[in-house]
Structure formats: structure tokens, C-alpha cells
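Peer 1: So that we are looking at the same thing, I have put the structure below in C-alpha cells.
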Amino acid sequence: MIEAFASAGFSPRIVTRFDCFAGTTKERTARRYGVVGVNVLAIRSR
Amino acid sequence: MYAQVAAAPDGAFHFHRGPHYAAARLGYDAAELAALPADVTASFAGVGNPHRIASISEGAVVLDVGCGAGTDLLLAARRVGPHGRAIGVDMTEAMRRRAAAGAATHGLANVDVRDGDATALPVDDQSIDVVISNGVLNLVPDKPRAFAEIARVLKPGGRAQIADIVIGEVLPDDALRDIDLWTG
């Protein structure tokens, strides 16, 4: 996602990470492959 | 699947839903969520919190890409006030109905819910101050097109405040092909 944002002319940065799969049936998959929720801020160039 | 989340949010899914999850794990304000219609917040299935990225100003025009049942959309509408606008776009009719009904129940006349998807946003060029989205873009097959659409609709200097999932490593082929790893 970060790369796609950058390719569209944004300068994205991850602000916060969330362990959004903890306690779900996909928790193990998320931990194994490092899947996390993130907040991303990206400003459109002027 | 998301029509099922709209119809029966208490069902069995591989992701969390609802206002308790949003407040406890994602930092939403529980009191603010409690003020929204329960039909809206029960179907919340976000993975982050676009409202914590930066504040949304009164009078702003906000677009929620994949607004679902409308939790983030209605929160945005409350923040922009009567002189602003909150536009929600979603491809699932059941979600759009919940969002529109929730806005009406909540007395938010500045909410506009539209049929569409992230790769063809039904929104004018350079008309949006802030684009928000929560747990949607990872589901879009043509991501470059979706990000180009966000760039198209944002005013110069406008902000995208996006919550979504990312993966920490390059996946091996066997993991990529194992659909059971990634679906409920």
C-alpha cells in the first residue's frame, strides 16, 4: 500500500500500528507473516 | 461477505466488528461511538482509526472510500458540521442503506452516500479536502487505479487518512496460494 501511494504522487508515512487480528481466527497467520493494521497519512502534492 | 456483515454483524467472521472492538483496540472514543445509531456501529469492521491520524476541520469536504455501514462517515459528518460535507462511497447496497439510514436517524443532513467503488469514484476532480478509508484498499485488486482515483479527487494539498493492513515480509509462493490462510 505504501508503494502504491508513493507511485500515485503521495508521500505516505505510517503513523500508528494496530494488532487488529489479535483474538481472531487469523491471529496466527497475522503473527507469522507480520500482518498488522496501520494508520497512514499521505498529503497530495500541490 | 460484507453484505453478511451488514445483515448479521454478530455472525462468525475472521475479523473483529463493533463499537467495543473499535474503542478497545483502535482508540475510538467510546462515548462518540455510543452517540451513533447502533445499526451503524454494530457493522464496523475497520482495522485502524483514520480519525486519529489528523483532525478534520469544520467545513471540510470528506470522502470515505468504502464507507460500509457508516461509522467513520458519520463521525466525519459530525466533525465537519453543517457547512461541510461527508460523502460515503460503497459497492455493497446493504451497507449503503445502513449508512444512509444511520445519517437520517442521527439528523445529519450533510451526509451523501453513493454507489461506487474505489477504482471509479463517483466524485468530481479536486473536490475533496480529506479522503478517509478503513480496511478497504487491501481488498481492491487494482490498487494503482484506486490510489490514482484518490489523487484525482483530492484538492492540491489535500490529505488521505487511510487505515488498512500491511504485511511485514514478502510472502512465499505457498502462502500466497493458500486461500485458507487469508479468508474466513
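Peer 1: Would you mind telling me the antiparallel percentage of the DSSP bridges in the protein assembly as shown, rounded to 5?
Peer 2: 45 percent
Peer 1: Given contacts defined as C-alpha pairs under 8 Å and at least six residues apart, what's the relative contact order of the range B:31-131, whole-number percent?
Peer 2: So the answer I get is 30 percent.
Peer 1: What shape does chain B take by its C-alpha gyration tensor, where a ≥ b ≥ c are the square roots of the eigenvalues and a/c under 1.5 counts as rounded, a/b above b/c as prolate, and the rest as oblate?
Peer 2: In terms of gyration-tensor shape, oblate.
Peer 1: I need to check one value: relative contact order of chain B, counting alpha carbon pairs closer than 8 Å and at least 6 residues apart, in percent.
Peer 2: After rounding, I find 21 percent.
Peer 1: Take every DSSP beta bridge with both residues inside the range B:40-184 and express the antiparallel ones as a percent of the total, to the nearest 5.
Peer 2: The antiparallel fraction comes to roughly 5 percent.
Peer 1: Determine the calculated [θ] at 222 nm for the protein assembly as shown from helices alone, applying -39500 (n - 2.57) to every DSSP H run no shorter than 4 residues and normalising by the residue count; nearest 500 deg cm²/dmol.
Peer 2: The helix-only estimate for the protein assembly as shown comes to -9000 deg cm²/dmol at 222 nm.
Peer 1: Longest segment of chain B with no GluC sites (Glu not before Pro) in a DSSP loop having at most 11 other Cβ atoms within 10 Å?
Peer 2: B:59-168
Peer 1: Taking a ≥ b ≥ c as the square roots of the Cα gyration tensor eigenvalues, with a/c under 1.5 meaning rounded and otherwise prolate when a/b beats b/c, else oblate, which class fits the protein assembly as shown?
Peer 2: Oblate is the answer for the protein assembly as shown, as a/c is 1.5 or above yet b/c matches or exceeds a/b.
Peer 1: Based on the Cα atoms of the range B:24-89, what semi-axes does the equivalent ellipsoid have, where each is the square root of 5 times one gyration tensor eigenvalue, given in whole Å with the largest first?
Peer 2: Value: 18, 13, 12 Å, ordered largest first.
Read the figures in this text as sums done on the coordinates, not as results from a lab. Fair warning: this is a prediction, and the values are worked out from it, not measured in the lab. Every residue, glycine among them, receives a Cβ derived from its backbone with ideal geometry; neighbour counts consider all protein chains shown.
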